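None of the figures in this text is laboratory data; all of them are computed from the coordinates on show. Remember, predicted model here, so these are calculated numbers, not experimental data. Every residue, glycine among them, receives a Cβ derived from its backbone with ideal geometry; neighbour counts consider all protein chains shown.
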Amino acid sequence: MPRGIDPPVFKEEALETMLQAGPKKRVAARPKSTVRAKKLVKAEATRPEHEEIACRAQALYVQSGHASGRDEEFWLEAERQLLAESKVRT
């Protein structure tokens, strides 16, 4: 045993109590919520792909007359539009 580490010591009372209690009962794991899982799958299915958002953002950029400095605005608007369209389809 490495120096400075004491070996585990059990008091007789604690050991006796543990032996009387017997083995711990295993509790079955709760099943995951299928409703939550279905929502996650549906959200992933309706979430637009990176390429779709990029194409829509590019179109918004062109429609704006090639306005510079608004990249994030175009991206967020493209994402919003695609999400709205996917909700209409489902």
Problem set entry | Residue list for segment 43-75, given a label point 7 angstrom along the Cα-to-Cβ vector of Ser86 and an amide N cut-off under 15 Å | 43-57
Seminar exercise, completed: Expected vector for segment 72-85, Karplus 3J(HN,Hα) from phi with 6.51, -1.76, 1.60 and θ = phi - 60°, integer Hz, x for Gly and Pro, equals 5, 4, 5, 4, 5, 5, 4, 5, 4, 4, 5, 5, 5, 5
